[in-house]
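Asker: Sharing a structure here in structure tokens format.
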Amino acid sequence: MKRARRAAPGPLPVLGLLLLGALPGLWTVLLRREATALPEPRPPAGQSPGRWGWGRSPPVRGESGGGGQKTFRTLLAVPAAATDREERDGEERLAVTDSQPPADAASPVERGIFWSRELEEQVPPGFAAEEAAAWLAAARAARVASLERGGCGRSSNRLARLSDGSRACVRYGINPEQIQGEALSYHLAGVLGMQERLPPMALALVEARGRQWEPVREELRGSHWAEGAVVSLTRWVDNLTAVVAPAPWGAEAGAGRRLQPLSAGELVGLSPSQLVELVQWSDLILFDYLTANFDRLVSNLFSLQWDPRVMRRATSNLLRAPDGGLVFMDNEAGLVHGYRLLSMWDPYNEPLLRSVCVFREGTARRVAELHRRRSAAAELRRRYRAREPLWARLGFLSERQAELLQARVDFVHRHIAHCRAQ
């Protein structure tokens, strides 16, 4: 008896089996293609998502409360439709539209380490040289009409109303080196080309029977100022507000992490106003290193050991004008007083300087010139003697202090060269 032969499968069932077997591979290819088309925005390698928090920013609308800082991821997280993928110079960048600068916007950095000219032109002008000179001439000629307590720091200081209607903070130092440091720091800022960030400042001699102080003779008796003391008159500026340190100084230090260099690669996604503020901060940190000023951001860093939230609070002796310009206030800790305490404060000042690797080209050029000529103290002395009539009352830097100033200029120059070589 013959067995019935099993019919061979037709061509259609075989084709169906082949299609079923190919579906997983086809699905995988489609997923990969979709993932390539829509990459997830990520911060640069090696950075935490919160690296670029901007201190005391309001919560992003639509987000839950808690913490008011805009993180790097928040700045980049825009709808997929507003994000394109570009390749420039072999590097992939995410071009963010929406509220961020357009993809074809000029780079904020030129030649790797210098703020672009376009960006520097957006920095608020501060105190113009002509305006400052006019105020200083008027303040030296004016009489002091009244002295008031409060508004100018220490209890020994006073807010003066001058006969021309302007106002000035009168600072009376605990010792003369504080007023000397204030005056020398002001003129060093002029040597460095950043004096527009400091309010105009002149020295004055306290003489109760003199023409300038005669209207406030009774107030002087209650101030306990010594007759013949040298004080500083600093122009009063209205409508200044507090400044919280931006990242990396605020976010990194506040989280207990080591400060990382601010370089060109760290600026992706920042708004124009944030970039403009960073231009000013780069000058501020360089200036405070040269003067060894510990009474600004350094004092906040020092306080982290017992106050982990201090970096979220206002930075000492730094204020913001209504136009966004930073004002470097109260520099009496610089140079003279600061140089006596280098061993205590340089462990904070040096890491701050190393955290900056983008500079104003004009500032870097002046530092290079002072380094090449080894003329930092000489340039400061020349400017101080030419522009401050009472300079001899307080004197100049000692020989050792002049050497320290030059050494710090040389250190900054080497740091800039190191940033350029990276």
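Throughout, read-outs are computed from the coordinates displayed, never taken from laboratory work. In this text, all values refer to a predicted model and were calculated from it rather than measured experimentally. Reconstructed Cβ throughout: ideal geometry from the backbone, glycine too, with neighbour counts over all protein chains shown.
Asker: Could I have the simple spin-label model distance between S156 and E130, label points 7 Å from Cα toward Cβ, reported in nm to one decimal?
Answerer: 3.9
Asker: Taking +1 at the Cβ of each Lys and Arg and -1 at the Cβ of each Asp and Glu, which of S185, L162, A134 sits farthest along the dipole of the stretch 129-235 towards its positive end, judged by Cα position relative to the Cα centre?
Answerer: The residue sitting most towards the positive pole is L162.
Asker: Considering only C-alpha atoms, what is the centroid distance from the stretch 148-193 to the stretch 334-365, in Å?
Answerer: Spelled out, the Cα-based centre of one part sits 22 Å from the other.
Asker: Assuming 0.36 nm per residue, please report the length gained on full extension of the stretch S375 to E361 beyond their Cα-Cα distance.
Answerer: Difference between extended and current length: 3.1 nm.
Asker: Show me the ranking of peptides 324-330, 377-383, 234-240 by mean Cβ neighbours inside 10 Å, starting with the highest. Mind dumping the intermediate values first?
Answerer: Values: 324-330: 20.9, 377-383: 17.4, 234-240: 15.6.
So the order, starting with the most tightly packed, is 324-330, 377-383, 234-240.
Asker: Could you run the Karplus curve 6.51 cos²θ - 1.76 cosθ + 1.60 with θ = phi - 60° over the stretch 357-366 and give me ³J(HN,Hα) per residue in whole Hz, x for Gly and Pro?
Answerer: So the Karplus estimates, Gly and Pro as x, are 10, 10, 9, 5, 4, x, 5, 4, 5, 5 Hz.
Asker: Which residue, A229, L198, P215, has the largest displacement toward the positive end of the dipole of the stretch 129-235 when charges sit on each Cβ (Lys, Arg +1; Asp, Glu -1)?
Answerer: So the residue furthest toward the plus end is P215.
Asker: Using the basic label-point model (7 angstrom from Cα toward the beta carbon), what is the R117 to S303 distance in nanometres?
Answerer: For the pair R117/S303, the computed spacing is 4.2 nm.
Asker: Output the peptides 411-420, 168-177 sorted from most to least packed, where packing is the average of other Cβ atoms within 10 Å over each peptide's residues. List each step's numbers first, then the result.
Answerer: Working: 411-420: 16.9, 168-177: 18.6.
Those peptides, ordered most packed to least, come out 168-177, 411-420.
Asker: Give me the distance in nm between label points sitting 7 Å out from Cα along the Cα-to-Cβ direction at S146 and D410, one decimal.
Answerer: With each label point 7 Å from Cα toward Cβ, the separation is 5.4 nm.
Asker: Under a point-charge model restricted to the Cβ atoms of Lys and Arg (+1) and Asp and Glu (-1), what is the dipole moment magnitude of the stretch 129-235 relative to its Cα centre, in debye to the nearest 20? Before the final figure, lay out the partial values.
Answerer: Values: 14 positive and 12 negative charges, 54 e Å.
In total the dipole reaches around 260 debye.
Asker: Next question, about the same structure. Checking the a/c ratio against 1.5 first, then a/b against b/c, what shape does the Cα gyration tensor give for the stretch 160-217? Write down the numbers at each step before the final one.
Answerer: Working: a/c = 2.95, a/b = 1.62, b/c = 1.81.
Since a/c reaches 1.5 but b/c is at least a/b, the shape of the stretch 160-217 is classed as oblate.
Asker: If amide H atoms are built 1.01 Å from N in the plane of the peptide, which residues on other chains or at least 5 residues away come under 5 Å of the amide H of F114?
Answerer: Excluding prolines and chain starts, which carry no amide H, the hits are F359.
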